[in-house]
Amino acid sequence: ATAHSLLPTASDTVTMIPTTTMTTLLLLLLSTPAPIMAFTSPSALSRSTNTIRHTTNNINDAATRRNTLPSLHAIKEATFGMGCFWEPAESLLKQPGVLATTVGYTGAPPNKPPPSYDTVCFGNDYVEAVRVVYDDTILDYTTLLDKFFEVQKPGLSRQYASIVFVTDDNEEEEVNKWKAAAIKTKVKRTSDNLPYELVEIEPTCSFYRAEEYHQRYWEKQRLRAGLAVLLVAGASGAYDDFGGGVIGNFELGGLAFDTICNAVFLVGAGWMILERLVVRDVRELKSGDMILEL
């Protein structure tokens, strides 16, 4: 073979360079005021090469992240009335295939104003509900219905009703079949004999995300309870002998360590009461909003 035949042709070179890299090179060249002068400097050439490499790596990394996410067709939403929503939301989030949960209010007629926790508690229109985002390549809808029935905590009032909110006729048909099959075989929840007849089916309507202090409620409360125990222990002088008495002798602004612990505890307890009175961050979530927030 001749020396000429060993070299790649122009068309071969184009084929060897990824399209994203070529686009990046063109953009960089077009955005440079004097590309010819820049390339006359070795240091400028090095900086340009590093910029191209960094930009290309970012593009490739973004593409990799997109490829690792489930297909948007596989990510779906479902909404359930499950009684007091704190514990069921946490329980569903632990299920394989569930990507996110949020608690909120739904089920009211269209002419009703946006709710708050107080209006839901003292009204008879809204239901405490859990909206779930799940990957149906891992967790199919029927299995999700089984999990809903298993972990729900329904009550007697409208606020705590057991409801499956369906988005279309196909989903309604699937829920009806699931419920009818369970009733026919006289299946009940093993923990308390809860009957499937209790489950209602309603069309999906406006869903309002509940106040922030309701989100991941028990997760927050466990953390707060742990901190409260530590603060009460500090206020009682349990840490005074730690570090050779350093903590017992510690003062900040003339306040002893146990006084500081007591003050922080009271402020935290006060905020837990106050936030229920002042926090009003309820907002409507449209269909698909939770998927976009993943």
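Quick notes
- Check on Leu294, of a type outside the set (Val, Ile, Thr), within 23 Å of the chain's Cα centre (by Cα), under 30 Å from Ala78 (Cα atoms) and surrounded by 14 or more Cβ atoms within 10 Å (Cβ to Cβ): no
- From the list Gly253, Gly248, the lone residue that is more than 31 Å from the chain's Cα centre (by Cα), without any contact (Cβ under 8 Å) to a residue 24 or more places away in the chain and either under 30 Å from Val132 (Cα atoms) or surrounded by 11 or more Cβ atoms within 10 Å (Cβ to Cβ) (or both) is Gly248.
- Among the residues making up the range 63-90, those that are open to solvent by 30 Å² or more (accessible area, probe 1.4 Å), modelled with pLDDT of 95 or more, of a type outside the set (A, V, I, L, M, F, W, C) and part of a helix (DSSP H, G or I) are Glu87, Glu90.
- Subset of the range 117-133 [part of a loop (DSSP other than H, G, I, E, B) and surrounded by 18 or more Cβ atoms within 10 Å (Cβ to Cβ)]: Tyr126
- Residue pairs whose Cβ atoms lie under 7 Å apart, sitting 6 or more positions apart in sequence or on different chains, and linking a residue in the range 167-183 that is assigned to a helix (DSSP H, G or I) to a partner that is open to solvent by 60 Å² or more (accessible area, probe 1.4 Å), are Ile183/Glu197.
- Scan of the range 162-215 for residues that are touching a helix residue (DSSP H, G or I) at 6+ places or on another chain (Cβ under 8 Å), among the hydrophobic types (A, V, I, L, M, F, W, C) and surrounded by 15 or more Cβ atoms within 10 Å (Cβ to Cβ), ordered by number: Val164, Val166, Val175, Trp178, Ala182, Leu194, Val199, Ala210
- For Ala108, the conditions (1) surrounded by fewer than 18 Cβ atoms within 10 Å (Cβ to Cβ); (2) assigned to a loop (DSSP other than H, G, I, E, B) are fulfilled apart from (1).
- Single residue of the range 218-237 satisfying the filter (in contact (Cβ under 8 Å) with a residue 40 or more places away in the chain and closer than 15 Å to Ala263 by Cβ) that is surrounded by the most Cβ atoms within 10 Å (Cβ to Cβ): Ala228
- Some residue of the range 188-208 being more than 30 Å from Tyr126 (Cβ to Cβ), of a type outside the set (Phe, Trp, Tyr) and in a helix (DSSP H, G or I): no
The values are calculated or read from the model by the stated rules, or taken from the named source; none is laboratory data. Predicted, not measured: the structure shown is a model, and the values here were computed from it. So basically every Cβ, Gly included, is an ideal-geometry build from the backbone, and we count neighbours across all protein chains shown. SASA here: full protein model, heavy atoms, side chains in, ligands and nucleic acids out. Shrake-Rupley method; radii C 1.70, N 1.55, O 1.52, S 1.80 Å.
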